[in-house]
Structures are given as structure tokens and as C-alpha cells.
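In what follows, a structure is listed as C-alpha cells, so that the remarks can point back to it.
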């Protein structure tokens, strides 16, 4: 029998769902589980992955939140059967290495994207290099982001970046409200690329770097690359794989 560890966001409906499911299927400690069932929204799904990176357990999400693109439909019935036939989506996160103005280095993983954002009313000025080669000497903007395929339908899409199939082995580099060069729309990069941002006029135009929900303020430079040593597995109901959802999103109104 599949041993399940349940976790839930703080929303009342998520907590109630956890109580009911745990009573029906049992609830074991995370170190004894075969699978984690997370109840909440997409943000909580990402939070669950970050909290249990070292466990290497697959996570089956059930929507008890507001968005639920990464989640399955909630139901109290047939959970073991749904998990047994679930389709897997393997995600490799981005590793962000950021240096702040004091010289301190910060590292964090991002499942969706790493974004750079201006902290004040003034536009950020970024210099962008790919694999050590300068590609854009100065981008004046509200910010920029590097997205995984799994995250391409999130902030990246809202910033008019491309939707990327999971098996495409590419990353999206997308500007956020680019001012100069105004017509630059970003780039698609091979998944082995290392993206480096240098913040120009960092004291006058401060910038923060955010890896999912981990923020570093007043950064000087940020390096981003896919980390293939970390393998994350999401489970989706049969016929409702993440690949199918990403494809369907490209044809939505």
C-alpha cells in the first residue's frame, strides 16, 4: 500500500481536506512516505518542493487554492488508484547565485523562474552575458527573468514570454517592460546555458533577485543555470499530464 504524507497550506479548505484525506488513507511522517500529497495552490506546490528537496519524493498536488495549474482536481475518493496510474513530470530547477552590494553571496533554487526586479521608481539597467559572452550591453527595464519550461506558463507568460514544452530543453530569457532596447523581446536559450546579469548603476538603481519565493535585495550580479543534480518529480492524473496542460495553454483564448 502506498504510504502518503499529507501537507496543506493554511487555507481553511486545504486544512479541512488534509484532515479528511488523512482519516481515510492514513498519514505517515515524511521520512516514511512513498509520496507527498500537497493540498493548496501552485504557490504551495512550489513551497512543498523547496521544503522537501532532500527527500527526493514525488509530489501529487490537489487543488485547494486559487490557481492550480500544477495541481490535480480535489477529490476524497480513489486517491490511491489515481496515484498508481499518475503520469510523471520531471523538473530540473534553476540555481541562482547572487552577489549583493556588500559582497555577500547568496544561493537558491527556482522551480519556476529567477526574476530581477527594480526596487525603486527608476528603471533597472542590466548587462546580460550568456556563457561568458556579452550579448546585451545595456537593458533598461523594470526587470528580466529566466524561466524553466515548467515555469513558462507563470510569470514568464504574463511578461509576454514564450510557452515552452517540457521536453524542449530550453530556457526562456524574458524582459519585463523593456524600455531600451524597446523592441527586444528576449531569447530562447539551450538548457545548458549560464545567464549572467550585471547590474549597472546598482547604488542609484537598486535591483532585487528572486528565485521563486526567495529574495535577495540590492544585488550587484546574478548568475543562473539549470541544476541537473536536483531532480523533482510531479505526479498528474492520467490524461492530464503537465505536458498536455502546457500544450493546451497555447491554444487557450
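We did not get these values from a lab; they are worked out from the coordinates using the rules stated. Every value quoted in this text rests on a predicted model; they were computed, and no experiment measured them. Every residue, glycine as well, gets a Cβ built from its backbone with ideal geometry; the counts of neighbours run over all protein chains shown.
Overview of values
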quantity: Potential lengthening between residue 87 and residue 183 on full extension [0.36 nm per residue; Cα-Cα distance subtracted]; calculated: 30.6 nm
quantity: Residue 30-residue 121 pseudo-label distance in nm [points 7 Å out on the Cα-to-Cβ vector]; calculated: 4.4 nm
quantity: Among (1) 18.1; (2) 13.6; (3) 14.5, the entry that matches mean projected area of the Cα convex hull in nm² as calculated here; calculated: (3)
quantity: Structure-based [θ]222 nm, the chain - -39500 (n - 2.57) summed over DSSP H runs of at least 4, per residue, nearest 500; calculated: -4500 deg cm²/dmol
quantity: Pairs of alpha carbons in region 48-153 whose separation is greater than 22 Å (percent); calculated: 51 percent
quantity: Cα Rg, Dmax (largest Cα-Cα span) when computed across region 1-90, Å; calculated: 11.8, 31
quantity: Cα shape, region 150-193, gyration tensor, a/c 1.5 rule; calculated: oblate
quantity: Computed lengthening from residue 51 to residue 135, 0.36 nm per intervening residue step minus Cα-Cα distance; calculated: 26.7 nm
quantity: Region 36-70 and region 189-253: distance between their alpha carbon centers, rounded to Å; calculated: 17 Å
quantity: Of every Cα-Cα pair in region 94-226, the percent that sits beyond 17 Å; calculated: 52 percent
quantity: Full-stretch length increase - residue 228, residue 74 - with 0.36 nm per residue and alpha-carbon distance subtracted; calculated: 52.3 nm
quantity: Listed peptides 9-20, 181-192 by packing density, highest first (mean Cβ within 10 Å); calculated: 9-20, 181-192
quantity: Paired Rg and Dmax values of region 153-253, which use every Cα atom, in angstrom; calculated: 16.1, 52
